[in-house]
Amino acid sequence: MNALATRAGQDIREMAAILAAYPTPDKWTLEMKTQAVNFAALLDTAQKMIAQAAITGIDYQVEKETFLNNVGRTGSAYTRTGYAAALGRLDAWAARQKINVLEMTPTQADDFIYSLRGERGAASIRLDISAASSLFTWLERRHTGIKNPFRGTKARPAKKAVKKPVIPSAKEVETMLQELPAYEAAAVAVMAHRGLRAGALPELSLSGGKFTTRSKGKDTSGDMPTEAHEKIKAATLPLRGPFAGECANTLEKRIARAIVKLNKAGKVQAAYSCHDFRHFYAVTEYRKDKDIHRVSKLLGHASIQVTETYLQGLGEVE
């Protein structure tokens, strides 16, 4: 019904345009034009009423929760947490403006984006927009009365030039493994010598030189290098769950604080992040034999193309 009203409105508008362009409009033509314009306005009103009725029947909280439970291709808990926080900011803003989120217009979507400036960085705002736009795109597929007001927005902050990753040297990695507290050193050893993400550490389990864990929603396993295995044992951590019970974000911050101290003491050249150790691992393995297929498998990438792009960003391949 809504689609029919839209099409009828378009047809009436076209008729009015044709009549308006008539070279010598007479009284009949002018009356027809007036009636066409009035009828188009009535159809617009009917269309809005139909859309409003459709939206009224949508339980936004239930739909949002369903969306969050199925968000992302990997089902990552961290993606869900990030999207939930972003939509929470959208809901809070809409409540302050006394706006029904489902009825947001493109102008209101832009105003929400502008409201984030000064409170959040450009990259964080882009993530918030991505979460909101993904929700509305998902709702569009389920409800005919919903349109994505974030689509095509010009309020999105521009991407800043991406800095080339700073990769620690082998000597610096060794220094950090010697200078960091035992717990942090064990985590760094796993990331630098096996390339696991920080997000994979909480579910890490070792047995007989092998490991299993879950990273970005996917189960992964393989050999655990001796260097990492020994650091875990030196920290007297249980092999079945050396970092169990630790939140990945908390672990990242804990390691970052320890490395900042080493950087300020002049023992390493930069305040390296956890992901810099994955970069170190990727580059170290690639330089051994230039076998991108082997490196792709070690990193757990979905395709060789992903690994190629990854190594290009690290300056290893053209």
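With respect to the numbered conditions (1) farther than 15 Å from A94 by Cα; (2) without any contact (Cβ under 8 Å) to a residue 60 or more places away in the chain; (3) surrounded by fewer than 18 Cβ atoms within 10 Å (Cβ to Cβ), which one is the sole condition not fulfilled by Y114?
Looking at each condition in turn, Y114 falls short on (1).
Residues being exposed (fewer than 13 other Cβ atoms within 10 Å of the Cβ) and either in a helix (DSSP H, G or I) or at pLDDT 90 or above (or both): count how many of those fall in segment 277-290.
Number satisfying all stated conditions: 3.
Could you list, in sequence order, the residues of segment 197-229 that are among the hydrophobic types (A, V, I, L, M, F, W, C) and either assigned to a strand (DSSP E or B) or under 24 Å from K267 (Cα atoms) (or both)?
Once the filter is applied, which keeps residues that are among the hydrophobic types (A, V, I, L, M, F, W, C) and either assigned to a strand (DSSP E or B) or under 24 Å from K267 (Cα atoms) (or both), segment 197-229 yields A198, L206, F211, A228.
Return the total of residues in segment 213-262 being farther than 19 Å from A182 by Cβ, more than 25 Å from the chain's Cα centre (by Cα) and surrounded by 14 or more Cβ atoms within 10 Å (Cβ to Cβ).
1
Please state which one of L90, L127 is crowded, with 18+ Cβ neighbours inside 10 Å and hydrophobic (A, V, I, L, M, F, W, C).
Testing whether each residue is crowded, with 18+ Cβ neighbours inside 10 Å and hydrophobic (A, V, I, L, M, F, W, C) leaves just L90.
Does A192 qualify as being surrounded by fewer than 17 Cβ atoms within 10 Å (Cβ to Cβ), farther than 19 Å from L68 by Cβ, in contact (Cβ under 8 Å) with a residue 12 or more places away in the chain and not hydroxyl-bearing (S, T, Y)?
No: the conditions fail for A192.
Scan A192, A200 and give me the residue that is in contact with a strand residue (DSSP E or B) (Cβ under 6 Å, 6 or more places away or on another chain) and either under 21 Å from S296 (Cβ atoms) or of a type in the set (V, I, T) (or both).
Of the residues listed, the single one that is in contact with a strand residue (DSSP E or B) (Cβ under 6 Å, 6 or more places away or on another chain) and either under 21 Å from S296 (Cβ atoms) or of a type in the set (V, I, T) (or both) is A200.
Name the residues in segment 253-274 that are more than 12 Å from A187 (Cβ to Cβ), of a type in the set (A, V, I, L, M, F, W, C) and assigned to a helix (DSSP H, G or I), would you?
V260, L262
Considering only segment 269-296, state which residues are touching a residue at least 24 places away in the same chain (Cβ under 8 Å) and of a type in the set (S, T, Y).
Residues satisfying the conditions are Y272, Y281, T284, Y286.
Of all residues in segment 138-185, count the ones that are within 26 Å of L87 (Cα to Cα) and outside any loop (DSSP other than H, G, I, E, B).
Going through segment 138-185 one residue at a time, the tally reaches 5.
The values are calculated or read from the model by the stated rules, or taken from the named source; none is laboratory data. Not measured: the values here are computed from a predicted model. So basically every Cβ, Gly included, is an ideal-geometry build from the backbone, and we count neighbours across all protein chains shown.
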